[in-house]
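The values are calculated or read from the model by the stated rules, or taken from the named source; none is laboratory data. Given the structure is predicted, the values throughout are model-derived calculations rather than measurements. In this analysis, Cβ positions are derived from the backbone assuming ideal geometry, glycine residues included, and neighbour counts consider all displayed protein chains.
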Amino acid sequence: MKLGLPTCASGVRLKPSSTALPSGTPRHTQTQLRKSSGMAEPQVSKGKLAITGAVKDLPDSIRDLIQRSHQAKTLAYCPYSNFRVGAALLTEDGTVFLGCNVENACYNLGICAERNAVSTAVSQGQKRFKAIAITSDLKKQVISPCGGCRQVMLEFGADWDVYMTSSDGFYTRMTVQELLPLSFRPEDLKSEEN
Ligand SMILES: O=c1ccn([C@H]2C[C@H](O)[C@@H](CO)O2)c(=O)[nH]1
């Protein structure tokens, strides 16, 4: 799809941040507004998730959250992949929990930054989340959470924000629901059939 917008090195089109909706806009309204105004949903280009805005244009609280994910990234333990990831998870009461990826010589025991942040929050008694920011060292390309982490995030609600960011100031925002449609959910275990 041709948007007539600047294209960054990875072939991802940049969307002007002036079209970003206010962060308090209810989710269903956001989707309707995007559609009725012709505003672009996050696009996938060449298998990469498109950048939809510049971090500098986000509200202070979200910019701070993203900054905290960069801080978390500095603690990554990733001697095998050398791929640092940081996550900062914002709870409904305004607390921020950080997580980084922690790898292991037994490779499959490694844990992602997002899951670390969620587990840390839950083990501190917090289960109501507003947003998570994720960053890696990738430039002009945002990092999107792996399938396992999407499922773990969904355990604690579908309608909260995932800010996928690049290390050089770009982001894409999607909800957990948008990242994992047609999912298996906790409520599926409670169907009347069972
Ligand atoms: O969303 C992601 C994707 C990857 N990783 C980690 C897992 C592994 O340590 C490294 C390379 O996959 O990055 C995360 O923490 N989060």
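Taking only pairs six or more apart or across chains, which ones have beta-carbon atoms under 7 Å, a first residue in the stretch 95-107 that is of a type in the set (Ser, Thr, Tyr), and a second residue that is modelled with pLDDT of 95 or more and near the ligand (Cβ under 8 Å from one of its atoms)?
Correct list of pairs: Tyr107/Tyr80.
Which residues, taken from the stretch 111-145, are assigned to a strand (DSSP E or B), in contact with a helix residue (DSSP H, G or I) (Cβ under 6 Å, 6 or more places away or on another chain) and of a type outside the set (A, V, I, L, M)?
Hit for the stretch 111-145 is Thr135, nothing else.
Kindly provide the set of residues from the stretch 57-84 that are out of contact with any helix residue (DSSP H, G or I) (no Cβ under 6 Å at 6 or more places or on another chain) and not in a helix (DSSP H, G or I), ordered by number.
Answer for the stretch 57-84, where residues must be out of contact with any helix residue (DSSP H, G or I) (no Cβ under 6 Å at 6 or more places or on another chain) and not in a helix (DSSP H, G or I): Leu58, Pro59, Thr74, Leu75, Ala76, Tyr77, Cys78, Pro79, Tyr80, Ser81, Asn82, Phe83.
Consider Ile111 carefully, then state whether it is near the ligand (Cβ under 10 Å from one of its atoms) and touching a Ser or Thr at 6+ places or on another chain (Cβ under 9 Å).
On the way: near the ligand (Cβ under 10 Å from one of its atoms): yes; touching a Ser or Thr at 6+ places or on another chain (Cβ under 9 Å): yes.
For Ile111, the condition - near the ligand (Cβ under 10 Å from one of its atoms) and touching a Ser or Thr at 6+ places or on another chain (Cβ under 9 Å) - is met.
Give me a count of the residues in the stretch 57-96 that are surrounded by fewer than 13 Cβ atoms within 10 Å (Cβ to Cβ), among the charged types (D, E, K, R) and near the ligand (Cβ under 10 Å from one of its atoms).
Qualifying residue count, the stretch 57-96: 0.
Determine whether the stretch 129-143 contains at least one residue that is within 16 Å of the ligand (Cβ to nearest atom), acidic (Asp, Glu) and without any contact (Cβ under 8 Å) to a residue 60 or more places away in the chain.
Checking the stretch 129-143: not a single residue is within 16 Å of the ligand (Cβ to nearest atom), acidic (Asp, Glu) and without any contact (Cβ under 8 Å) to a residue 60 or more places away in the chain.
Take the residues in the stretch 116-128 that are crowded, with 21+ Cβ neighbours inside 10 Å and not small (Gly, Ala, Ser), then tell me which one is farthest from the ligand (Cβ to nearest atom). First the steps, then the outcome.
The initial filter retains those residues of the stretch 116-128 that are crowded, with 21+ Cβ neighbours inside 10 Å, namely 116-118, 121.
Those left that are additionally not small (Gly, Ala, Ser): 116, 118.
On the way: Asn116: 8, Val118: 12 Å.
Selected residue: Val118.
Yes/no matrix, rows are residues, columns are (1) at pLDDT below 95; (2) of a type outside the set (Ser, Thr, Tyr):
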residue	(1), (2)
Cys106	no, yes
Glu114	no, yes
Ser166	no, no
Glu187	yes, yes
Asn194	yes, yes
